[in-house]
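A quick write-up on the structure given underneath.
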Amino acid sequence: PHALDAQRIFGATPHLPAAVIDARHGLGDATFTARLCLDTAGAVSSVTVLSGIPGADAGIVATLRGWRYKPQPLPVCFITQLVYDVE
């Protein structure tokens, strides 16, 4: 986990749509990787998908944009990874 994960003060956990879960059932874990950038207030200013999950990216990005972190001394970007077990 990234050091800034402990500084997240608000944010729902993104979920995969049922259709994506059904399509990936039995294929093992699905991994979503993105670059999150925060402004000094701790709001997510941008999300760049580095490795997505077809059919789920838009919903995950929308949820990540709602995350809030503790205020930062400078704008900061970091990589976050979400792993979904779709057994």
*Evaluate 2.2 N^0.38 Å with N set to the residue count of region 12-59, then give the Cα radius of gyration divided by it.*
1.36
*Could you work out the Kirkwood radius for region 48-87, taking every pair of different alpha carbons, averaging 1/r and inverting it, reported in Å?*
12.3 Å
_Compactness of the chain - radius of gyration and Dmax, Cα, Å_ = 13.6, 44
*Got a number for carbon plus sulfur as a percent of the chain's accessible area, 1.4 Å probe?*
58 percent
_With a cut-off of 8 Å between alpha carbons and a minimum separation of six or more residues, what is the relative contact order of the chain in percent?_
43 percent
*Report the local net charge at residue 85: Lys and Arg +1, Asp and Glu -1, summed over other residues whose C-beta lies under 13 Å from its C-beta.*
-1
*Might you tell me the accessible area per residue for the chain, computed with a 1.4 Å probe and given in Å²?*
57 Å²
_Phi-based couplings in Hz for region 37-50 (Karplus 6.51, -1.76, 1.60; Gly and Pro marked x)_ = 10, 10, 8, 5, 7, x, 7, 6, 8, 7, 10, 10, 6, 9
*Just grab the label-to-label distance for residue 48 and residue 25, each label 7 Å out from Cα along the Cβ direction, in nm (one decimal).*
3.7 nm
*From largest accessible area down, sort 37, 77; use a 1.4 Å probe on the protein chains.*
77, 37
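The values are calculated or read from the model by the stated rules, or taken from the named source; none is laboratory data. Just so we're clear, the structure is a prediction, and the values are computed from it rather than from any experiment. For neighbour counting, all protein chains shown are included, and Cβ atoms are generated from backbone atoms with ideal geometry for every residue, glycine included. Ligands, DNA and RNA are stripped out before the accessible areas are found, and what is left, the full protein with its side chains, is counted by its heavy atoms. Shrake-Rupley method; radii C 1.70, N 1.55, O 1.52, S 1.80 Å.
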